[in-house]
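Chemist: First the structure, then my questions, so here it is.
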Amino acid sequence: QVQLVDSGGGLVRAGESLRLSCTASGGGSTIIAKGWYRQTPGKERELVAQITRGGNSNYADSVKGRFTILRDYNENTIYLQMNSLKPEDTAVYYCNARAIASGSPTDYWGQGTQVTVSS
């Protein structure tokens with residue numbers, strides 16, 4: 001299995017920035033995509049940003065132009081650079097890795113890190 005540890009959340013004011021980090025370890029599965037999801041108490045978990053094995057990035061419309069997903073050179077760590085934060089970005093952010101295990105895609109999750117944006 002893949003273990004994910006995410007970090008970097010905190011309390012910031014609107015317009016400020018945060019960078020989230022996620023490091024993967026363990027497992028021998030082939031990861032085909034990594035990304036960040038977020039969830040608020042009253043909503044379903046939603047995709048924020050994703051980067052595929054081939055290096056293509058996808059973003060939710062609500063964060064395009066403000067958030068950037070990055071990965072290190074060996075692809076063990078991904079980052080979410082969040083600029084121009086808004087109160088509506090407040091959520092628990094979860095690192096995600098999608099891997100092929102036993103021939104089927106499987107999602108792995110970090111423990112979540114809280115991002116709170118005040119106005």
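Chemist: Do we have any residue at all in region 55-64 that's among the acidic types (Asp, Glu) and under 12 Å from the mean Cα position of the chain (by Cα)?
Modeler: No, there is no match, as no residue in region 55-64 is among the acidic types (Asp, Glu) and under 12 Å from the mean Cα position of the chain (by Cα).
Chemist: Return only the number of the condition from (1) of a type in the set (D, E, K, R); (2) under 14 Å from residue 97 (Cβ atoms); (3) open to solvent by 40 Å² or more (accessible area, probe 1.4 Å); (4) outside any loop (DSSP other than H, G, I, E, B) that residue 75 does not satisfy.
Modeler: (4)
Chemist: Having 2 or more residues that are buried (at least 19 other Cβ atoms within 10 Å of the Cβ) and among the aliphatic types (A, V, I, L, M) is the bar; report the strands (runs of 3 or more DSSP E) wholly within region 11-63 that clear it.
Modeler: Correct list: 18-25, 46-52.
Chemist: So residue 89 passes all but one of these: (1) under 14 Å from the mean Cα position of the chain (by Cα); (2) more than 18 Å from residue 22 (Cα to Cα); (3) loosely packed, with under 14 Cβ neighbours inside 10 Å; (4) among the acidic types (Asp, Glu). Which condition number does it fail?
Modeler: (3)
Chemist: While we're looking at this one, here's another question. Since residue 84 meets every condition but one in (1) outside any loop (DSSP other than H, G, I, E, B); (2) under 19 Å from residue 9 (Cα atoms); (3) small (Gly, Ala, Ser), which condition does it not meet?
Modeler: If we test residue 84 against (1) outside any loop (DSSP other than H, G, I, E, B); (2) under 19 Å from residue 9 (Cα atoms); (3) small (Gly, Ala, Ser), just (1) comes out false.
The values are calculated or read from the model by the stated rules, or taken from the named source; none is laboratory data. Just so it is clear, the structure is predicted and the values come from calculations on it, not from any experiment. No Cβ is skipped: glycine too gets one built from the backbone with ideal geometry, and neighbour counts run over all protein chains shown. SASA here: full protein model, heavy atoms, side chains in, ligands and nucleic acids out. Shrake-Rupley method; radii C 1.70, N 1.55, O 1.52, S 1.80 Å.
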